[in-house]
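> The structure is given below, and queries will be raised subsequently.
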Amino acid sequence: ETGVTQSPTHLIKTRGQQVTLRCSSQSGHNTVSWYQQALGQGPQFIFQYYREEENGRGNFPPRFSGLQFPNYSSELNVNALELDDSALYLCASSGTSGWNAYEQYFGPGTRLTVT
Amino acid sequence: DAKTTQPTSMDCAEGRAANLPCNHSTISGNEYVYWYRQIHSQGPQYIIHGLKNNETNEMASLIITEDRKSSTLILPHATLRDTAVYYCIVRVGGDDMRFGAGTRLTVKP
């Protein structure tokens, strides 16, 4: 059983550019959630995808968008990057059955720096 | 916003039990208490969760008060590798997780 993986590990972008971050969910999981973690703070929920549909969204502007694919992997896209978008972006996958249903398994994150 | 209150930081001696408190006075009847931890620069790691009964697994024990307004995570024999930020989260299964600032636990030799 493979865990949650994310790519790339680190990324440097310039203000105004666009970025795509990728996440492969754990085997058997059909739900993916994305979080943004600024330095020194707890993760903040961006949105969740369940069976390829957005299933909840936090307080983030529309320039943060996502996709989930039939194999349940996911992408996070951020347009018009701002300096404040510099953060660790975390992906978490979860299933929907059993005692451990909805328990989220996190990937190692992608460190995005916007200059 | 997070629905929990935790101390900002705690210290614990290596080999001793670490008891991390969490207040969740507005918890609803169908909300579970989850604990995660985050070791520096890694993704959060699931520890344990419970509804109203005490729970124990290979990592920790979770004690929930009878009125469910507070809980305590117990690491029975803390090691240096348990140094991390510990997050207490209340949620209905399937809902998004709202992280607060957590408790920074430092285990000292």
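Taken together, the values in this text are just the output of simple stated rules run on the coordinates, not laboratory data. Note that the coordinates shown come from a computational prediction; the quantities given were computed from them, not determined experimentally. FYI the Cβ positions are ideal-geometry reconstructions off the backbone, even for glycines, and counts take in every protein chain you see.
> Could you work out the relative contact order of region B:1-59, using alpha carbon pairs under 8 angstrom and six or more residues apart, expressed as a whole percent? Could you put the intermediate results ahead of the total?
Details: 50 pairs, mean separation 14.1, N = 59.
Reported relative contact order: 24 percent.
> Give me the mean projected area, in nm² to one decimal, of the convex hull enclosing the Cα positions of the protein assembly as shown. Don't skip to the answer; put the middle values down first.
Values: hull surface 48.9 nm².
Convex hull of Cα atoms, orientation-averaged projection: 12.2 nm².
> About its Cα centre, what dipole magnitude does region A:11-115 give when the only charges are +1 on Lys and Arg Cβ and -1 on Asp and Glu Cβ, stated in debye to the nearest 20? Show your work: numbers first, answer last.
Numbers: 7 positive and 8 negative charges, 42 e Å.
Approximately 200 debye in magnitude.
> Just to be sure I understand the model, the point goes 7 Å from the Cα along the line to the Cβ. What's the resulting A:Leu39 to B:Ser41 distance in nm?
1.3 nm
> Which cysteines in chain B lack any other cysteine whose Cβ sits under 4.7 Å from their own Cβ?
Singleton cysteines: B:Cys12.
> Cross-link candidates for B:Lys52: which aspartates and glutamates have Cα within less than 16 Å, leaving aside residues fewer than 8 places away along the same chain?
The qualifying aspartates and glutamates are B:Glu31, B:Glu66, B:Asp67.
> Starting from the Cα of B:Thr72, move 7 Å in the Cα-to-Cβ direction to define the label point; list residues of region B:1-45 whose amide nitrogen is under 16 Å from there.
Under 16 Å, as judged by backbone N against the label point of B:Thr72, lie B:6-7, B:10-13, B:16-24 of region B:1-45.
> With both bridge residues required to lie in chain A, what share of the DSSP beta bridges run antiparallel, to the nearest 5%?
Values: 34 of 38 bridges.
If I count the DSSP bridges inside chain A, around 90 percent turn out antiparallel.
> Treating only the Cβ of Lys, Arg, Asp and Glu as charged (+1, +1, -1, -1), what charge dipole size does region B:34-93 show about its Cα centre? Round to the nearest 20 debye. Show your work: numbers first, answer last.
Working: 6 positive and 5 negative charges, 35 e Å.
So the dipole magnitude of region B:34-93 works out to roughly 160 debye.
> If the reach is capped at under 30 angstrom between alpha carbons, list the lysines near A:Lys13, excluding any in the same chain fewer than eight residues apart.
Result set, ordered by chain and number: empty.
> Let me ask something else about it. Please go through region A:1-110 and write out the trypsin sites (Lys or Arg not before Pro) that DSSP classes as loop and that have at most 16 other C-beta atoms within 10 Å.
Values: sites: A:Lys13, A:Arg15, A:Arg22, A:Arg51, A:Arg57, A:Arg63; in loops: A:Arg15, A:Arg51, A:Arg63.
Those that pass, being in a loop and sparsely packed, are A:Arg15, A:Arg51, A:Arg63.
> Taking H placed 1.01 Å from N in the peptide plane, check which residues at least 5 places from A:Glu103 or on another chain put their amide H under 5 Å from its amide H.
A:Gly95
> Could you work out the percent of alpha carbon pairs in region B:26-109 separated by over 18 Å, rounded to a whole number? Can you show the working numbers first?
On the way: 1454 of 3486 pairs.
Value for region B:26-109: 42 percent of Cα pairs lie more than 18 Å apart.
> Also, I was wondering about something else. Please report, in debye to the nearest 20, how large the charge dipole of the protein assembly as shown is about its Cα centre when each Lys and Arg carries +1 at its beta carbon and each Asp and Glu carries -1 there. Present the calculation step by step, with values, prior to reporting the outcome.
Working: 18 positive and 20 negative charges, 80 e Å.
In total the dipole reaches around 380 debye.
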